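**Student:** Attaching a single structure in structure tokens format; questions to follow.
The values are calculated or read from the model by the stated rules, or taken from the named source; none is laboratory data. Computed from a predicted structure; not experimentally measured. A quick note on method: Cβ atoms are made from the backbone with ideal geometry, for glycine too, and the neighbour counts reach across all protein chains shown. Remember, those area values only see protein heavy atoms, side chains included, never the ligands or the DNA or RNA. Shrake-Rupley method; radii C 1.70, N 1.55, O 1.52, S 1.80 Å.
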Amino acid sequence: MPFELPALPYAFDALEPHIDAQTMQIHHDKHHAAYVANANAAIEKHPELGGKTVEDLLWGINTVPEDIRTAIRNNAGGHANHSIFWTIMGPGGGGNPNGRIADALKNTFGGYDAFKEQLQKAAVGQFGSGWAWLVADRAGKLSIKGYPNQDSPYMEEMTPILGVDVWEHAYYLKYQNKRADYVTAWFNTLNWDAINSRFGSVWA
Ligand code: MN3
């Protein structure tokens with residue numbers, strides 16, 4: 001199997017009270033697991049793609065055979081998005097950013113508060129299911145973008161740095177229809193050390 005569900009790097013209840021344990025368990029063990037299983041089922045039809053990474057597949061989505069292109073877009077996309085999502089959160093997270101990402105957010109958006117406001121707006125304004133991401137283009141320029149469904153920033157040659165899942169499965173048990181409250185709370189889970197590592201690797 002080319003793709004594997006990564007272990008959650010902390011306990012299901014580690015992000016309480018911001019994200020509840022039951023949501024984390026279902027989200028990781030059922031939703032993310034399903035994206036992995038469906039991506040593997042699609043790749044089985046084209047074994048020649050078995051050696052490709054999820055980033056390669058999404059980066060070259062237009063060259064993926066047509067009969068599995070939608071399945072890869074949705075499920076390899078979902079696998080890529082969630083794999084990043086788990087790592088940019090952590091227990092004892094939140095607060096102000098540090099290191100290179102703090103400087104970059106200041107230079108690009110004018111400061112962390114302005115960045116938060118724009119990401120929150122993209123997340124709350126995303127119609128239906130999707131994500132809001134901080135992305136870097138090939139020149140390293142940062143921007144905030146909303147994506148529908150499991151569309152990945154990799155599909156447009158953007159590197160996702162940090163993002164928030166605004167599918168209802170990410171918040172409905174605890175927050176019901178109050179997506180804005182969930183996004184506000186989600187900022188309290190951000191693991192800035194992990195985000196700095198991701199951010200540094202863009203130019204490694
Ligand atoms: Mn999700």
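**Student:** With runs of 4+ DSSP H residues as the only contributors, calculate the mean residue ellipticity of the chain at 222 nm using -39,500 (n - 2.57) per run, divided by the residue total and rounded to the nearest 500.
**Tutor:** On the way: 10 runs with 88 residues, N = 204.
Taking each H run of at least 4 residues, the total per residue is -12000 deg cm²/dmol.
**Student:** Sticking with this structure for a sec: Whenever you get a sec, line up K106, K116 from highest to lowest accessible area (probe 1.4 Å, protein heavy atoms).
**Tutor:** K106, K116
**Student:** DSSP loop (so not H, G, I, E, B), at most 13 other Cβ within 10 Å: list which GluC sites (Glu not before Pro) in the stretch 144-190 pass both filters.
**Tutor:** In loop regions of the stretch 144-190 (DSSP not H, G, I, E or B), the sparsely surrounded GluC sites (Glu not before Pro) are E157.
**Student:** Another question, if that's okay. Would you tell me the accessible area of D20, worked out with a 1.4 angstrom probe on the heavy atoms of the protein chains, in Å² to the nearest 10?
**Tutor:** Accessible area, nearest 10 Å²: 30 Å².
**Student:** At 0.36 nm per residue, minus the direct Cα-Cα distance, what do H18 and M1 gain on full extension? Give it in nm, one decimal, please.
**Tutor:** My answer for the length gained is 2.7 nm.
**Student:** Right, here's the next one. Kindly report the accessible area of the stretch 20-204 per residue (heavy atoms of protein chains, probe 1.4 Å, no ligands, DNA or RNA), in Å².
**Tutor:** 45
**Student:** Okay, moving on. In whole percent, what relative contact order does the chain give with Cα contacts below 8 Å and a gap of six or more residues?
**Tutor:** After rounding, I find 25 percent.
**Student:** Shifting gears a bit: Using 31 Å as the Cα-Cα cut-off, could you pick out the over-long pairs in K30/K178; K30/K106; K30/K121?
**Tutor:** K30/K106
**Student:** Ranked from the most accessible area to the least, with a 1.4 Å probe and all protein chains present, what is the order of R100, R198, R73, R138?
**Tutor:** Result, largest first: R138, R100, R73, R198.
**Student:** Counting every Cα pair in the stretch 1-130, what percent are over 21 Å apart?
**Tutor:** Distances greater than 21 Å cover 55 percent of the Cα pairs.
**Student:** Taking the stretch 20-204, how much of its Cα-Cα pair set, in percent, is spaced more than 25 angstrom apart? Mind showing how you got there, number by number?
**Tutor:** Working: 5741 of 17020 pairs.
Percentage above 25 Å: 34.
**Student:** Not counting ligands, DNA or RNA, and with a 1.4 Å probe, what is M158's accessible surface area in Å² rounded to the nearest 10?
**Tutor:** Rounded to the nearest 10, that gives 40 Å².
**Student:** So what J values fall out for the stretch 77-91 if you push phi through Karplus, 6.51 cos²θ - 1.76 cosθ + 1.60 with θ = phi - 60°, rounded to Hz, Gly and Pro as x?
**Tutor:** Going residue by residue, I get x, x, 5, 5, 4, 5, 4, 6, 3, 4, 7, 8, 10, x, x Hz, with x marking Gly and Pro.
**Student:** Another question, then. Could you work out what % of the accessible surface of the stretch 40-138 is carbon and sulfur, using a 1.4 angstrom probe and leaving DNA, RNA and ligands out of the count?
**Tutor:** 47
**Student:** Now, a different point. Would you mind pulling out the separation of the Cα centroids of the stretch 110-131 and the stretch 16-30, in Å?
**Tutor:** After rounding, the separation between the Cα centres reads 22 Å.
**Student:** Here's a follow-up. Got a sec to turn the phi values of the stretch 31-42 into Karplus ³J(HN,Hα) couplings, 6.51 cos²θ - 1.76 cosθ + 1.60 with θ = phi - 60°, whole Hz, x for Gly and Pro?
**Tutor:** Result, ordered by residue: 5, 5, 4, 5, 4, 5, 4, 6, 5, 5, 5, 5 Hz.
**Student:** Probe radius 1.4 Å, ligands and nucleic acids left out: which of V202, V54 has the largest accessible area, and how do the rest follow?
**Tutor:** V202, V54
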